[in-house]
There are 2 protein chains.
Amino acid sequence: MTKETADWIAVDWGTSALRLWAMRADGSVLAARESDQGMARLTPDGFEPALLALAAPLLDPGRVTDVVICGMAGARQGWIEAPYAPVPCSPLSQLPVRAPARDGRIAVHVLAGLSQAEPPDVMRGEETQIAGFLAHEPQFDGVLCLPGTHTKWVILRGGCVREFHTVMTGESFALYSEHSVLRHVMEPGWDASAFAAAVGQGRDRPESVATALFAIRARAMLDPAGAALPGVARARLSGLLLGLELAATRSIWQGRAVVVLGAPALCAHYIDALEASDAPAVRFDRDEPARAGLAVAHQRIVKGAA
Amino acid sequence: MTKETADWIAVDWGTSALRLWAMRADGSVLAARESDQGMARLTPDGFEPALLALAAPLLDPGRVTDVVICGMAGARQGWIEAPYAPVPCSPLSQLPVRAPARDGRIAVHVLAGLSQAEPPDVMRGEETQIAGFLAHEPQFDGVLCLPGTHTKWVILRGGCVREFHTVMTGESFALYSEHSVLRHVMEPGWDASAFAAAVGQGRDRPESVATALFAIRARAMLDPAGAALPGVARARLSGLLLGLELAATRSIWQGRAVVVLGAPALCAHYIDALEASDAPAVRFDRDEPARAGLAVAHQRIVKGAA
């Protein structure tokens, strides 16, 4: 009995991590691998060795295996630059770029990101998750929210990305909670009612966030007992920033169907905040959206080559 | 001829720096010294050695010299905790706290900060600058703005601090420009028109700041030529954050006389932003306000002891 090898390989290559799936021809997953060899750690000639470190045992030496990559491997500082496709467009409308590879067993295809001229915006990686979502919901007309370090709000209609907006809420929360004076009061835990109140404040009085941030620290200093309630300061910081995000994106989510796509705990905060804002939202929890989008791209590559 | 020694010693002891003036009885400065031995670097028993490292040569061995200290040396993590005085009150209404000292040549007095119950806020060090300002302008009725890492907006009337508000604009600018994804586009320079436009946006549409931050990065990526204009991204980031601050503090500065007190370059940005908001502001540039406030406190200590 010979060892089973991959029909093709799907890769989600982010700034800080590399995730890889060896796929069978029937769409099932033969093997999943990951490493910490994200784009930020690699120079252009480091991508092929990082890929092969995970993929080599899954390759059939007798043929060329397609490797389809989304994410930061296509950035200017990545393996090879895959230009942005301007919206409105379908999320995988652009032809992938072939990346140079010394190893004859692989043909490497890097997917393009999306760009928007006004207001200026870019994404790289999320377009593939959007394609994965659309593979399940091709008729979806509404807003897709992808929470993360840089949360993306995406208006979809007719299978196309009409417009999108990036908010740095995840990165802002990390900066304030880990690197600012507020880090001194960030106890573990999560107070849901403090979060809800802060979301409402940030959403309805966005300007007040500027003064409310230092007040988190001051309240804890003036009332050490109250501040010791687990997770009040953390939930309040998160809520203020998410409320400000909802104020900034109100014209996008208000009156539209909203689907949230991402890690369950983070999505739950967004769904709570949206529901408290009279915007019922649901989480998309089928499949692995990046992998599903890579499968869509692979199908097109196969058809294009045939 | 004997070496001249200090009549008393004024100390502004911040988080990251220690500034000291040896004062003559006539109010003139015999010597100024500073070091990087701020509160953040010291444990409680490290304060006296750090002080003596600068002050020892200025002390008369034949008598006890008063040392008057404002700032973070009075914090809980400082030399000795000097409690906050609740506003409304005059800025130096509270009696100083005596700090323990082994060296018999010094009597150390640590000034109290100010606190506010609602909205919760604290200051430590700025109250002494306010007292220094009031020594020159005892009848001032209006707003004092002290820009910095944590900018203070202070309503003064009848020699009293009526209320105050802290905004973390300086710290936020440092976090985003040095530690976020925006650091990649922070070229040197300063584009005044980009700053003015961003102030207006942040002030009049504060919610839009949440989406405008990542757009600074995206604009530079999509238009490398335009982004290379020196200082556009930096001025835009600063302007958005300062505009948001003006939106948050509008009820404080609108319709009141505003005096800005602090480092000239930073004050100039605040004055530009306020003037563009129909709020004429002037910079207070007489004397060294912290030292002037410490002199007021010293006078009270001398009278109290007499």
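Read-outs throughout are calculated quantities, based only on the coordinates presented, and are distinct from any laboratory measurement. None of these values were measured; they are calculated from a predicted model. Here the Cβ positions follow ideal geometry from the backbone for every residue, glycine too, while neighbour counts run over all protein chains shown.
For A:Trp8, what is the net charge nearby, where nearby means another residue's Cβ is under 10 Å from its Cβ and Lys, Arg count +1, Asp, Glu -1?
Working: positive: A:Arg24; negative: A:Asp7, A:Asp66.
Combined, the nearby Lys, Arg, Asp and Glu give -1.
Between A:Arg102 and B:Gln77, how many nm apart are label points set 7 Å from Cα along the C-beta direction?
Those two pseudo-labels are separated by 5.0 nm.
Evaluate E = 1/(1 + (r/R0)^6) for A:Thr149 and A:Arg256, where r is the Cβ-Cβ distance and R0 equals 22 Å; express this FRET efficiency to the nearest 0.05.
Details: r = 24 Å, r/R0 = 1.09.
The pair A:Thr149/A:Arg256 has a calculated efficiency of 0.35.
Cα axis of helix A:264-275 to longest principal axis of chain A: angle in degrees, 0 to 90, nearest 10?
Roughly 50 degrees, rounded to the nearest 10.
Test of understanding: ordering A:Arg124, A:Arg98 by Cβ neighbours within 10 Å, fewest first, what list do you get? Let's see the in-between values first.
Values: A:Arg124 24, A:Arg98 12.
Result, fewest neighbours first: A:Arg98, A:Arg124.
If the cut-off is 17 Å between C-alpha atoms, which aspartates and glutamates fall inside it for B:Lys303, apart from same-chain ones fewer than 8 positions away?
B:Asp7, B:Asp26, B:Asp66
Could you let me know the centre-to-centre spacing of the stretch A:239-260 and the stretch A:1-52, using Cα atoms, in angstrom?
That distance is 34 Å.
Using the 10 angstrom Cβ neighbour count as an exposure proxy, how do B:Thr211, B:Thr128 rank, fewest first?
Numbers: B:Thr211 21, B:Thr128 30.
Ranking B:Thr211, B:Thr128 by Cβ neighbours within 10 Å, fewest first, gives B:Thr211, B:Thr128.
Let me know the Kirkwood hydrodynamic radius for the stretch B:171-272, please, with Cα pairs as the basis and the value in Å to one decimal.
Numbers: mean 1/r = 0.0712 Å⁻¹.
Computed over Cα pairs of the stretch B:171-272, the Kirkwood hydrodynamic radius comes out at 14.0 Å.
How are the Cα pair distances of chain A distributed, in percent, across 10 Å bins from 0?
6, 25, 29, 22, 13, 4, 1, 0
Between A:Asp285 and A:Asp26, what length comes free when the chain is fully extended (0.36 nm per residue of separation minus the Cα-Cα distance, one decimal in nm)? Please list the in-between numbers first.
Values: separation 259, 0.36 × 259 = 93.24 nm, distance 2.14 nm.
My answer for the length gained is 91.1 nm.
Any number yet on Rg/Rh for the protein assembly as shown, C-alpha, Kirkwood?
1.08
Hey, what angle do you get for helix A:126-136 against the long axis of chain A, alpha-carbon based, 0 to 90 degrees rounded to 10?
80 degrees
Per residue of the protein assembly as shown, what 222 nm ellipticity follows from adding -39500 (n - 2.57) for every DSSP H run with n ≥ 4, rounded to the nearest 500?
Values: 20 runs with 224 residues, N = 612.
My calculation for the protein assembly as shown gives -11000 deg cm²/dmol from helical runs alone.
Nothing charged except the Cβ atoms of Lys and Arg (+1) and of Asp and Glu (-1): what's the magnitude of the dipole of chain A about its Cα centre? Round to the nearest 20 debye. Present the calculation step by step, with values, prior to reporting the outcome.
Working: 28 positive and 33 negative charges, 53 e Å.
It works out to roughly 260 debye.
Just to check I understand the Karplus step: with θ = phi - 60° and J = 6.51 cos²θ - 1.76 cosθ + 1.60, what whole-Hz values come out for the stretch A:178-187, glycine and proline as x?
With coefficients 6.51, -1.76 and 1.60, one gets 10, 10, 9, 4, 5, 4, 5, 10, 7, 6 Hz.
Name the aspartates and glutamates eligible as straight-distance cross-link partners of B:Lys152: C-alpha to C-alpha under 15 Å, and not fewer than 8 places from it in the same chain.
Within the straight-line limit of under 15 Å, B:Lys152 reaches these aspartates and glutamates: B:Asp121, B:Glu126, B:Glu127, B:Glu163, B:Glu171, B:Glu245.
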